Amino acid sequence: MNKNIKLAVAGAVLALSATAANAGIVIPAGDWTLDVGGIVNTYATWSKATNANYVGGGLTGTNTNTTNNMTTGLLPNYLSVSGTTRQNDLDVAFTISINPGSSTTSAGKQSSGQENRQAFLTFGDKSWGSVKVGKDLGIYASDAILNDMTLLGVGSGAGILAGNQTTLGRIGTGFMYADWKAQIAYTTPNMNGFQATVGLTQAWDQQSATAADGTTALSLATTKRGGASSAYEGKASYSFAANDVTGKIWVSGISQKVVSSVALDETVAYSADIGANVNAAGFGLTGYYYSGSGIGRTVQFADGYSLSGKQRDSDGGYVQATYTLPTKTKVGFSWGESNLDLGAGEAKSVLVKSNEMYTLGVYHPLTKHLNLVAEWDNVRSENQNGAKNTANTGSLGAILFF
């Protein structure tokens, strides 16, 4: 199984201990060893929203009716091909993936929407580490999503699907989306459990800026891109095992220069996080927190700046507890919240102030590759004026790793 599928499964193992990171379909090919692997998943979802108020950037949807959808969950369907070889004292590898969804909302035609999340190469040696060049999961906040139990399920967003897309899991209700980025990154060798990664990643444009009346205007704060500036990301982690106790502690961060076409000044948008996971005797506990300025909400830089070009601060986090029953069924409960503050001098508005979600999940390994999943999610969104909306989603489906 290719490297990033292994990462996804490793995160999913925290929600379902019986899911094994087995290799996919391994094919010898001359100097290369090819590995074809992937994920297939689909869920039936039922969402009931109460949206009496407008919350710009809220995650409860826009209607007050029950919405039923058939969709992929937080993970898309994956078909990934990777290759590895040893040449000139270097371990060389590549990964390319295609990521079709499971949902279409138009009769008589199939959606053309598709994500292509990975196209990267790596080279290195266990003595000094490895270098990655290409498009892959971002560095900042990557451990937050890989330790989220909704990685195997749905989370929020099932009631607001637009065509062929994934749901949000806990993205925007406890952590920022790490996203899939063009990057050049260096990772150290594993040194008795300690490992670190630093990298240059593609700078993002501002996603949006919500005005006081709730409309979304073109952002007046735009990133310096191309030759002017890249984003800088890094993370460090320590994994440990003692008797029957295992765990991991991690920190990560991101910074990027932003120039405002209104104030005609340059600022640095940034965010940092810290998290930990501990497992013992069938119990698992995860805690996570992040804080930043100009980073925005849900996806990086969405509403990170006001219409006058002032930075908005944000923070959030989640806690998660799981337990594996004697039947190997894992049950889990989690809570998380993401908060967005107003910029300096900015008046209160219908812009989102917080997105909060409670999740109850049950994950049962029908086989070592196939898992049945049932979830309930309660999402609450509040705007800067104090008005609130809610949404409840139930989901039932299956996910297969190969």
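The values are calculated or read from the model by the stated rules, or taken from the named source; none is laboratory data. All values derive from a computational prediction rather than experimental measurement. Cβ coordinates were reconstructed from backbone atoms using ideal geometry, including for glycine residues, and neighbour counts include every protein chain displayed.
What to note about this one:
- Search result, residues across segment 167-182 that are aliphatic (A, V, I, L, M), in a loop (DSSP other than H, G, I, E, B) and under 20 Å from Thr201 (Cα atoms): Met176, Ala178
- Residue check for Lys348: farther than 30 Å from Ala398 by Cα and exposed (fewer than 15 other Cβ atoms within 10 Å of the Cβ): yes
- Subset of segment 36-55 [crowded, with 21+ Cβ neighbours inside 10 Å and within 23 Å of Gly172 (Cα to Cα)]: Asn41, Tyr43, Thr45, Ser47, Ala49, Val55
- Residue within segment 188-202 that is assigned to a loop (DSSP other than H, G, I, E, B) and modelled with pLDDT under 95 present: yes
- Matching residues, segment 85-116, being of a type outside the set (Val, Ile, Thr), at pLDDT below 95 and either crowded, with 17+ Cβ neighbours inside 10 Å or not in a loop (DSSP other than H, G, I, E, B) (or both): Ser97, Asn99, Pro100, Gly101, Ser102, Ser103, Gln114, Glu115
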